[in-house]
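Some notes on the structure that comes next.
Every number in this text was worked out from the coordinates using simple rules, so none of it is lab data. Quick caveat, the model's predicted, so the values are computed rather than measured. Positions of Cβ are generated from backbone atoms using ideal geometry, with glycine treated the same way; all protein chains shown enter the neighbour counts.
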Ligand code: FEO
């Protein structure tokens, strides 16, 4: 059944929500599902902005048919060629034989790689800054390479100032009726999943996000319609500021992520001691994660949010415990930087985890190791309380200093 949502007298949301998909890109857990947004403008020309994932093809096609109300589809704008947004191009081409596809050179080259239909017959190629008048409205195209693939572009509807932003400003999470981000509810309903989405999907490309924010700085934008998550029509500076901060790899808040691996609870005991000391020193925002229990995407998102990080892990097979190794490599791939870090290693006969963690951290940019790795041998002993407290104090000093500037 169609689920079209009217966004104005002559335009509609025609996307879909999926609560059945377990993992986005088969990697990132989706406890609240995910939404794929597509938008249909009805003007002298009819224009669809993006398609959706194959999981919601049926409601999507029903939505378009209902919103077109008998008119043909003249243009499909493809802002992004990742299949969560482009999976229905062939289906649309079959249904709407006169439909032209608006994209750039890279869009069409990816399209020909993914699909078998005659892309060249449909191409309407645009270049940076090109405009497409569609009647009362005009669309302008801004290229956003690597936010999140090389062909990505953003489409600005200039009459009402609506930015169709592809992955940018998106969030994990399916809709529950409301398409708009009510400012009063955004932080409780969407912010954590928007941050997790940004950090894990776009996080590597902070420099490219900064360039796009610069390009958009002078534009008259009154609404942001992303390809995932809620639409922004109020308090746009809020999400723009978040994107500016995340893409500069600056923390939002002074606080500590304690990410630990533990085999029998001994390393964990040391981390509890650290956490208690941090709390006693007045550090309020502390998040402890067992890296074997919590998917790294949630930990990485908290690392983007908070100013400091403590890593604690056992030695395993002469190296670093695998789950901690994976977390650090993921952080490096996502260009995590600008954090104060402390390291605790454990090893019963030949501790090696600390050196490996320090080496992986050294490969990242602007990560400040606050002290040499602290070594535990099997279990923290009474004589090591002072060393753990001293390490916690170094971290607490850094957090309290960060609190002054954030
Ligand atoms: Fe939502 Fe990069 O795809």
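In units of the rule-of-thumb radius 2.2 N^0.38 Å, the stretch 309-380 shows an alpha carbon radius of gyration of 1.04. Each residue in 297, 188 was given a count of other beta-carbon atoms within 10 angstrom of its own, and listing them fewest first yields 188, 297. In the P(r) worked out for the stretch 78-178, what percent of Cα pairs fall beyond 21 Å? In whole percent, the share of Cα-Cα pairs in the stretch 78-178 beyond 21 Å is 38. At q = 0.21 Å⁻¹, what base-10 log of I(q)/I(0) does the Debye formula yield for the stretch 1-62 when every alpha carbon is treated as an equal point scatterer in vacuo? Log-scaled intensity ratios, in q order: -0.82. Working from Cα pairs under 8 Å separated by at least six residues, relative contact order for the chain is 11 percent. Compared with the rule-of-thumb size 2.2 N^0.38 Å for a compact globular protein, the stretch 257-315 has a Cα radius of gyration ratio of 1.08. A viscosity of 0.890 mPa s and a temperature of 25 °C, combined with the Kirkwood radius over Cα pairs in Stokes-Einstein, give a translational diffusion coefficient for the stretch 105-260 of 145 µm²/s. Here the gap between residue 6 and residue 44, fully extended at 0.36 nm per residue and compared with their Cα-Cα distance, gives a gain of 11.9 nm. Here the alpha carbons of the stretch 284-406 define both size measures, Rg and Dmax, at 14.0, 43 Å.
Overall, the ratio between the Cα radius of gyration of the chain and 2.2 N^0.38 Å, rounded to two decimals, is 1.11. The length gained by stretching the chain between residue 280 and residue 105 to full extension, at 0.36 nm per residue less their Cα-Cα distance, is 57.2 nm.
Once you sort the root eigenvalues of the Cα gyration tensor of the stretch 189-246 as a ≥ b ≥ c, which label holds: rounded (a/c under 1.5), prolate (a/b larger than b/c) or oblate (the other case)? The shape class here is oblate. Give the Debye-formula value of log10 I(q)/I(0) at each listed q (0.12, 0.17, 0.18, 0.22 Å⁻¹), with one equal scatterer per alpha carbon of the stretch 26-150, two decimals each. These q points yield log10 I(q)/I(0) values of -0.44, -0.90, -1.01, -1.46. On a 0 to 90 degree scale, rounded to 10, what angle separates helix 236-247 from the longest Cα axis of the chain? Taking Cα atoms only, the helix is inclined about 50 degrees. Each principal axis of the Cα cloud of the stretch 211-277 was taken in turn, and the coordinate range along them, longest first, works out to 56, 21, 20 Å. Seen against the Cα atoms of the chain and their longest principal axis, helix 266-280 is set at about 80 degrees. Counting neighbouring Cβ atoms within 10 Å and putting the fewest first, the residues 256, 271 line up as 271, 256.
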